[in-house]
């Protein structure tokens, strides 16, 4: 409980500090007129997303005010950013203190906590790359000295983009100075989400390779070891629609819908409709939904539509012919 309380307090302070920037990400609305309602919806969504994304184009705008801040900002931009983008675990390992703690707050009384050992251990399968395979952006809002003279606290927005996911977070980074060297002591993340259901986007996959909850088990196992997008790519490579056997319908959200929202899947093959509802209880930055669909031998196609609180956010029709 103490760990959760400390994260909750950090969240409150961060939200107050990021009131101007955060509103763009949490509830971004663009209003304009056009004669074509469908075009208006598409254009509004595109413009709102571009506006939200533009916040992260200012990642290099923070100007350190002293030598210690210069070192801290350098660690964020060089070690954290390059380590994540190039999967270079050595860069990250070099700046973690012995008592490092990582916390991800996903809901009320729901916090994922890692020690230095478990954080690094979960990422030992990262394959070092000479070129960026992911994109990490930090928008540093402030760097302040805590009540302890040897600690600095960084408040920031962050965005972690890869092929299938692009979650955004409010982050608190606490650095401590040990033997004259600044090291990362605590990293706390709170996932952001769109309040407007129309801002959500998702991808739909249909595969005969997994049934029941086997995909989710495999995905969660690989999520941190190889990364979320790499896990999706590996597990769904060669995915196809086979009307002769039971199928798994996989929905991958680029960013998570807010807690309390309802995700509705409308699956249709042949003359049959199969509605499925999911209630979102936590903010999972890498949200994947899996459901099963039985075999219908004469159904040459399957149509899947995804709704968030009644707003359609994705649809796909896949046929047996697509497998050729």
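Quick notes
- Single residue of 232, 263, 226, 252 found to be in the same structural domain as residue 306 (by TED's automatic domain parsing) and in a helix (DSSP H, G or I): 232
- Cβ pairs under 7 Å, 6+ apart, first in the range 204-226 and more than 15 Å from residue 239 (Cα to Cα), second at pLDDT below 85: 212/292; 225/125; 226/125
- The set of residues in the range 131-145 that are over 16 Å from the mean Cα position of the chain (by Cα) and in a strand (DSSP E or B) comprises 139, 140, 141, 142, 143, 144, 145.
- Screening the candidates 176, 162, 166, 158 for the property of being touching a strand residue (DSSP E or B) at 6+ places or on another chain (Cβ under 8 Å) and either modelled with pLDDT under 85 or closer than 21 Å to residue 110 by Cβ (or both) yields one hit, 158.
- Yes/no for residue 106 being under 18 Å from the mean Cα position of the chain (by Cα) and assigned by TED's automatic domain parsing to the domain that holds residue 61: yes
- Among the conditions (1) closer than 24 Å to residue 258 by Cα; (2) at pLDDT below 80; (3) not in a loop (DSSP other than H, G, I, E, B), the only one that residue 283 does not satisfy is (3).
- Hits in the range 70-82 - residues which are surrounded by fewer than 19 Cβ atoms within 10 Å (Cβ to Cβ) and touching a residue at least 12 places away in the same chain (Cβ under 8 Å): 71, 73, 77, 78
- Residues (free of Cβ contacts under 8 Å to residues at least 40 places away in the same chain, touching a strand residue (DSSP E or B) at 6+ places or on another chain (Cβ under 9 Å) and outside any strand (DSSP E or B)) located in the range 95-116: 116
- Against the list (1) surrounded by 13 or more Cβ atoms within 10 Å (Cβ to Cβ); (2) within 19 Å of residue 129 (Cα to Cα), the condition residue 90 fails is (1).
The values are calculated or read from the model by the stated rules, or taken from the named source; none is laboratory data. A quick note: this is a predicted structure, and the numbers were derived from the prediction, not measured. When we count neighbours, we look across all protein chains shown, and the Cβ atoms used for this are built from the backbone with ideal geometry, even at glycine.
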